[in-house]
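Contents: one structure, followed by commentary.
The values are calculated or read from the model by the stated rules, or taken from the named source; none is laboratory data. The shown structure was predicted, so the numbers you read here are calculated from the model rather than taken from an experiment. In this analysis, Cβ positions are derived from the backbone assuming ideal geometry, glycine residues included, and neighbour counts consider all displayed protein chains.
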Amino acid sequence: METQIFELTPQSRKSFGGKAKVIVENGVAKLLSYSTIVAEYKIGEKEYKQDETKYSQTTNSHIKAFKNFYGI
């Protein structure tokens, strides 16, 4: 299966300036915020996973947009 990578776009502003990307591979979407995978979503199973790390306000806005994009 082919890997897809695309920039995540927020609802509240024009863009995240390339700092938030989604990598989709084998039915799993991973959120890359800056250079760190911070969340993942198994699309077929509708299973969301995120560790308990406290993130910056910007990374939290990336996470919120990711969850919104997938309807979580």
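Take the residues in segment 10-29 that are charged (D, E, K, R) and under 14 Å from Ala65 (Cβ atoms); name whichever of them is modelled with the highest pLDDT.
The first filter runs over segment 10-29 and keeps only residues charged (D, E, K, R), leaving 13-14, 19, 21, 25.
Next, from what is left, pick out any that are under 14 Å from Ala65 (Cβ atoms): 13-14, 19, 21.
On the way: Arg13: 72, Lys14: 78, Lys19: 94, Lys21: 97.
Applying the filter and picking the extreme gives Lys21.
Out of segment 29-49, which residues are over 14 Å from Ile72 (Cβ atoms), surrounded by fewer than 16 Cβ atoms within 10 Å (Cβ to Cβ) and touching a strand residue (DSSP E or B) at 6+ places or on another chain (Cβ under 7 Å)? Answer for segment 29-49, where residues must be over 14 Å from Ile72 (Cβ atoms), surrounded by fewer than 16 Cβ atoms within 10 Å (Cβ to Cβ) and touching a strand residue (DSSP E or B) at 6+ places or on another chain (Cβ under 7 Å): just Ile37. The set of residues in segment 1-17 that are surrounded by fewer than 11 Cβ atoms within 10 Å (Cβ to Cβ), in contact with a strand residue (DSSP E or B) (Cβ under 6 Å, 6 or more places away or on another chain) and in a loop (DSSP other than H, G, I, E, B) contains only Thr3.
Within segment 42-63, the set of residues being modelled with pLDDT under 95, of a type in the set (Lys, Arg) and on the phi < 0 side of the Ramachandran plot comprises just one member, Lys54.
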